[in-house]
Amino acid sequence: MMKTIGVLTSGGDAPGMNAAIRAVVRAGCELGMKVYGIRRGYNGLMENDMYEMNLRSVSDIINRGGTILYSARSDRFKTDEGMQAAIRVCRERGIDGLVVIGGDGSFRGARDLSLKGIPCVALPGTIDNDIGCCDATIGYDTAMETIMEMVDRIRDTTESHDRCAVVEVMGRGAGYLALNAGIACGATSILIPEVPYDFERDVIQRMMRTQRSGKVHFVIMVSEAIGGVAEMAKRIQKETGVESRATVLGHVQRGGSPTARDRILASRMGYHAVQLLKDGIGNRVVAIKKEEIVDYDIVEALAMENSIDLDMYKMAMEISI
Ligand code: F6P
């Protein structure tokens, strides 16, 4: 059985990371493990920046956004020198295994460390929901709620002024946030990288069609992978005559208190990760599939395709008109 484990958060932070840290620390302590909290992701591992956590180190964090361990993206860790430094620190500290909470970039680091003899269990923590093996990532549900609340506010003023709001949401290269926020906010058009679009047909003509049925205010949801919302707003105004404004929601989407769903998901995943490490099992990604917590080999998980549900897109287009 592993005696000492470390936990770190890496990449863009996500609401619910704290709940996952809490679960890891509490489950580890209950098993009599020593648990190190590693600061600023892989940077803290290479620089030996960590502290021993106990049951009370994680009090009052389940409700907090961000990550008490801080987060970072590390170029050094991708080098051989960085990897060797991380392994050296693990050996010096007697760290038998690690829980890595982050996105797919962080998973690659966990895979490499596992292959070099430090067993890692990775938890999907990202608002983007772009992890192929997993139905929902930690932080996605909260980001969806935040976007919905923000766009509802934008909608109020859009309605008062008979305007069109062109809203850009995060998601990196994936359109999950934009598609589902578009559905939840009743967007007239949704532009995501997974579905090729023709601006004239899919935005301008759709707006004009809805205008003919009496609609006077609009929301157009755009994934950041498409971008260009300011230009889009100008073009819409010119071609439809509807006064238009662009909003880039930005990092507001990544903060805030996690939803119940994210807190529970993070707690289940953190607990599961420790049960794997307890049995000496590493090189795994913890995921949720059809409401069940499962785990996969990291290499296999990284190879799994991320696919948008095109039926959802089709449905959105049929009912938001
Ligand atoms: O991966 C999470 C995410 O918020 C993406 O949606 C976005 O593209 C990126 O991180 C932004 O990163 P940064 O905080 O470094 O600007």
3 or more residues under 30 Å from GLY16 (Cβ atoms) and within 16 Å of the ligand (Cβ to nearest atom): qualifying strands (runs of 3 or more DSSP E) within segment 114-227: 120-124, 164-169, 218-223
Residue tally, condition closer than 14 Å to THR240 by Cα, over 23 Å from the mean Cα position of the chain (by Cα) and either among the aliphatic types (A, V, I, L, M) or surrounded by fewer than 18 Cβ atoms within 10 Å (Cβ to Cβ) (or both), over segment 151-181: 2
Hits in segment 7-61 (condition: surrounded by fewer than 24 Cβ atoms within 10 Å (Cβ to Cβ), away from the ligand (no atom under 16 Å from the Cβ) and of a type in the set (S, T, N, Q)): ASN48, ASN54, SER57, SER59
Given (1) under 30 Å from ARG64 (Cα atoms); (2) open to solvent by 20 Å² or more (accessible area, probe 1.4 Å); (3) not hydroxyl-bearing (Ser, Thr, Tyr), index of the condition PRO193 fails: (1)
Residue check for ARG64: closer than 19 Å to ARG268 by Cβ and surrounded by fewer than 23 Cβ atoms within 10 Å (Cβ to Cβ): yes
In segment 259-309, the residues that are in a strand (DSSP E or B) and among the hydrophobic types (A, V, I, L, M, F, W, C): VAL285, VAL286, ALA287, ILE288, ILE293, VAL294
Contacts under 7 angstrom Cβ, first residue in segment 213-229 being within 8 Å of GLU168 (Cβ to Cβ) and open to solvent by 50 Å² or more (accessible area, probe 1.4 Å), partner small (Gly, Ala, Ser) and within 15 Å of the ligand (Cβ to nearest atom), 6 or more apart: GLU224/GLY171
Test result for VAL252, open to solvent by 10 Å² or more (accessible area, probe 1.4 Å), touching a residue at least 40 places away in the same chain (Cβ under 8 Å) and closer than 23 Å to MET317 by Cβ: no
Enumeration of residues in segment 88-107 that are within 15 Å of the ligand (Cβ to nearest atom) and more than 22 Å from ASP279 (Cα to Cα): GLY102, GLY103, ASP104, GLY105, SER106
So ALA184, is it in contact (Cβ under 8 Å) with a residue 40 or more places away in the chain, open to solvent by 30 Å² or more (accessible area, probe 1.4 Å), over 19 Å from ALA287 (Cβ atoms) and among the aliphatic types (A, V, I, L, M): yes
Where a residue in segment 79-103 is on the phi < 0 side of the Ramachandran plot and among the β-branched types (Val, Ile, Thr) and its partner, wherever it lies, is surrounded by fewer than 21 Cβ atoms within 10 Å (Cβ to Cβ) and part of a strand (DSSP E or B), with Cβ under 6 Å and at least six apart: ILE95/THR4
Filtered residue count, segment 104-126, keeping only those that are in contact (Cβ under 8 Å) with a residue 60 or more places away in the chain and surrounded by fewer than 24 Cβ atoms within 10 Å (Cβ to Cβ): 8
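The values are calculated or read from the model by the stated rules, or taken from the named source; none is laboratory data. None of these values were measured; they are calculated from a predicted model. Cβ atoms come from the backbone with ideal geometry, glycine included; neighbour counts cover every protein chain shown. What goes into the accessible areas is simple: the full protein's heavy atoms, side chains included, and nothing from ligands, DNA or RNA. Shrake-Rupley method; radii C 1.70, N 1.55, O 1.52, S 1.80 Å.
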